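Participant: Have a look at this one.
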Amino acid sequence: MKPTTRGTLAAVLTGVAAATGAAAAAPAVAADTVPIPVPLNGVEQSLGLRTPSIAGQLPLPLPGRLDGPRYVEGRMLPERIVPQLPLSGGLPGADVRTPLPHLLGEGADHLGLNAPAAGLRTRTPGVSLDSPLGAPDPHRFGLPGLKTPQAAVLTPLLETVPVANLEMGAGS
């Protein structure tokens, strides 16, 4: 090995060791949602009136474990030839709070809606096919037998439980 190659290799290994040490000292924190504030302070100050406060959450989709094709005895093509891709994430959330004039009497001067990000589990549609040729038949000199071709569409999945809270009360 040439001295320049050794020097380059040593520099790369030193950089990797430093990056690994830095990563161990400060672990990364994965967030489920990304907050999205809507800044309306400038409108409130320039117009001189109270504005609603609006914030949201945008969930990050995460791919799941792929359940790939499975080989089944007696079939020429694997089962689930186009596999279903699972994704987990969530529906976006919102938090809206707006001031109201005293329409309903004393103490009712805000209206709020809180809809947090809800979990969402999905699975894309898939396809399962089987060819019209069967397994080799020893009674027909090893030639495959004929059968009816099969095709199936694997249904998609969508599961979620969204919630929302609507409130009206005193305060802004």
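Read the figures in this text as sums done on the coordinates, not as results from a lab. Treat the numbers as computed from the prediction; the structure is a model and nothing was measured. So basically every Cβ, Gly included, is an ideal-geometry build from the backbone, and we count neighbours across all protein chains shown.
Participant: Sort the range 76-172 into rounded, prolate or oblate with this rule: let a ≥ b ≥ c be the square roots of the eigenvalues of the Cα gyration tensor; rounded if a/c is under 1.5, and if a/c is not under 1.5, prolate when a/b is larger than b/c, oblate otherwise.
Facilitator: prolate
Participant: Taking the Cβ of Arg70 as the center, what net charge do the other residues with Cβ under 13 Å away carry, scoring Lys and Arg +1 and Asp and Glu -1? Numbers along the way, then the final one.
Facilitator: Numbers: positive: Arg75, Arg80; negative: Asp67, Glu73, Glu79, Asp130.
Result for the neighbourhood of Arg70: -2.
Participant: Okay, next question. Count the net charge of all other residues whose Cβ sits under 15 Å from the Cβ of Leu120, scoring Lys and Arg as +1 and Asp and Glu as -1.
Facilitator: With Lys, Arg at +1 and Asp, Glu at -1, the net is 0.
Participant: Quick one: which residues, 5 or more positions from Gln57 or on another chain, have an amide H under 5 Å from its amide H? H modelled 1.01 Å from N in the peptide plane, none for Pro or chain starts.
Facilitator: Amide H to amide H, under 5 Å and 5 or more residues apart or across chains, Gln57 pairs with Ile36, Gly93, Ala94.
Participant: Another question, if that's okay. Explain nothing, just compute: Karplus ³J(HN,Hα) = 6.51 cos²θ - 1.76 cosθ + 1.60, θ = phi - 60°, for every residue of the range 37-47 in order, whole Hz, x for Gly and Pro.
Facilitator: Couplings: x, 10, x, 10, 5, x, 5, 4, 6, 6, 8 Hz.
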